[in-house]
1. From the list A:Leu288, A:Leu266, which one is at pLDDT 95 or above and away from DNA strand B (no atom under 16 Å from the Cβ)?
2. Return yes or no: is A:Arg131 more than 30 Å from A:Met91 (Cα to Cα) and surrounded by 14 or more Cβ atoms within 10 Å (Cβ to Cβ)?
3. Could you figure out which of (1) within 16 Å of DNA strand C (Cβ to nearest atom); (2) touching a residue at least 12 places away in the same chain (Cβ under 8 Å) isn't true of A:Ala185?
4. Considering only residues of region A:124-149 that are among the small types (Gly, Ala, Ser) and more than 24 Å from the chain's Cα centre (by Cα), which is nearest to A:Lys240 (Cα to Cα)?
5. Is it the case that A:Asp193 is out of contact with any Leu (no Cβ under 7 Å at 6 or more places or on another chain), within 17 Å of A:Lys243 (Cα to Cα) and acidic (Asp, Glu)?
6. Return the total of residues in region A:235-274 being in contact (Cβ under 8 Å) with a residue 40 or more places away in the chain and closer than 21 Å to A:Glu183 by Cα.
7. So, in region A:40-83, exactly how many residues are acidic (Asp, Glu) and either buried (at least 16 other Cβ atoms within 10 Å of the Cβ) or within 12 Å of DNA strand C (Cβ to nearest atom) (or both)?
8. Pick from region A:202-223 the residues that are within 16 Å of DNA strand C (Cβ to nearest atom) and farther than 20 Å from A:Lys153 by Cα: which of them is surrounded by the most Cβ atoms within 10 Å (Cβ to Cβ)?
Amino acid sequence: MIATVEHIRKFIFALVDCKNFYVSCERAFNSRLWKKPVIVLGNNDGIIIARSDEAKQLGIPMGFPVFLVRKIIKDNDVIVKSANFPLYFNMRDRVRGILSEFTPHLEKYSIDECFLDLTAFPPDQLDSYGRQIKEMVERCTGIPVQVGIAETKCLAKLANKVAKKKPELKGVLSVYGNLRWRERALEVTDVGDLWGVGPAYATMLKSNGINNALQFRDAPEHWVQKKMTIMGARIQAELKAIKCHSLSELPEPKKMIGTAAGVGVLMETLEEMLQEAAARAEEEGWKLRKENVCAKEMVVWVSTNPFSADPKHNDAREFTLPVATNNTSVIAKLAQACVKEMYKNGHRYKRVGVHALTLEPANCVQGDIFVDYEDPKKVTLMRVMDQLNQERGTGTVRIAATGPTGVSRTLFQNQSPHYTSRWSDLPIARAC
DNA sequence: TCTGGGGTCCTAGGACCC
DNA sequence: TCTGGGGTCCTAGGACCC
């Protein structure tokens with residue numbers, strides 16, 4: 001490999017990761033959840049999307065259908081919460097706000113993780129700096145975090161994981177410039193826990209005698225590239241402190257925007273399917289307008305429940321719009337036409353999906369002299385609809401095609417109040 | 001005997017992330 | 001009875017072009 005200036009120049013990355021994020025958000029407003037096993041369920045209260053440490057210790061797995069662990073929940077008084085995304089998004093923004101006070105150079109990697117560029121900071125103080133970040137976030141938001149610091153993103157991720165696993169590190173680990181610490185961290189990390197190594201690669205690597213991150217780093221480079229493509233080669237280089245991934249401070253424009261929520265009660269009639277198609281189109285339109293883009297090509301698909309013994313039917317239709325659009329009623333009509341074509345009587349459907357594949361910025365859509373989607377009245381109608389729904393709550397104004405009630409969808413039986421996003425739910429402080 | 005070679009674009013499929 | 005919902009990137013192979 002030819003060393004470039006990029007490789008020689010030293011960078012410092014920190015990864016800040018919120019611990020059991022959704023559970024921590026719930027706990028920040030409800031002290032009764034402290035030190036108890038708590039889990040958070042996804043849409044429809046179907047699967048487990050977050051667990052407290054206590055719940056993990058009971059052996060409750062992530063992404064698992066909740067009905068399969070009912071007994072553990074009952075026997076151990078596990079507290080079950082339904083997802084409360086408005087609260088989580090708000091807490092995410094608070095955490096990011098605190099982090100951006102430390103450095104303006106940060107990448108919002110996911111709802112509960114941020115990469116920080118600390119290159120400008122004195123390397124001998126990184127450890128204490130990591131501790132300051134941790135304390136400040138916890139004090140201001142109530143969300144516990146771990147901090148990992150290193151020369152590359154992959155190593156920062158790894159340091160973060162080690163900090164999480166080893167209580168004596170108290171949630172902060174910098175391996176920057178410290179070869180011995182770096183090797184130790186690599187050695188105690190299972191190869192399957194590396195960022196970018198999923199279950200398939202982990203199995204392959206282990207069957208070749210590569211069990212930890214250190215062994216992976218030292219494996220022959222050509223072999224790694226052959227088996228795991230350029231992605232694997234990059235992970236390996238990053239573990240050698242050679243930077244392959246930069247900080248992306250500005251989010252890349254999206255390449256695809258989709259929506260495909262499963263329904264609560266399976267759909268059997270065409271009418272239900274058409275209503276669901278309209279509802280998904282409505283959501284898709286809203287997402288496109290929020291991103292300020294229009295879709296030129298779209299895919300509509302239907303599927304039955306993959307886990308049931310019912311007859312299966314999965315199908316998809318793709319179409320190209322004459323003029324890219326983000327207008328809900330245009331999308332809804334086309335989505336319904338696709339569903340009408342695909343629907344087969346005698347099946348119980350779980351999902352209708354609507355995906356936009358080719359996106360164009362909304363302000364420079366290529367026109368078509370025969371089609372008039374850019375009718376200012378329609379644009380205004382969408383804007384007013386979005387505004388009303390935002391101010392008065394989702395679903396205040398809907399297109400008629402979604403039906404009077406819509407298809408039965410989301411169950412939130414154990415949702416906490418919207419502490420941060422609804423006036424009536426504001427927590428009340430009482431003097432003891 | 002021996003049947004070009006280099007390039008682009010598109011798609012499906014596989015792997016991964018949170 | 002109940003099993004999420006978003007995304008990204010890379011590669012191989014085929015079609016097609018000159």
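The values are calculated or read from the model by the stated rules, or taken from the named source; none is laboratory data. Bear in mind the structure is a predicted one, so any value in this text is a computation, not a measurement. All Cβ positions, glycine included, derive from the backbone under ideal geometry; neighbour counts span all protein chains shown.
1. A:Leu288 is the lone residue from the list that is at pLDDT 95 or above and away from DNA strand B (no atom under 16 Å from the Cβ).
2. Here the answer is no, as A:Arg131 does not meet what is asked.
3. (1)
4. Per the stated criteria, the residue is A:Gly130.
5. no
6. Residues that pass the stated criteria total 9.
7. Step one: list which residues in region A:40-83 are acidic (Asp, Glu), which gives A:45, A:53-54, A:75, A:77.
Okay, now just the ones that are also either buried (at least 16 other Cβ atoms within 10 Å of the Cβ) or within 12 Å of DNA strand C (Cβ to nearest atom) (or both), so A:45, A:54.
Selection size over region A:40-83: 2.
8. Out of the qualifying residues, it is A:Met204.
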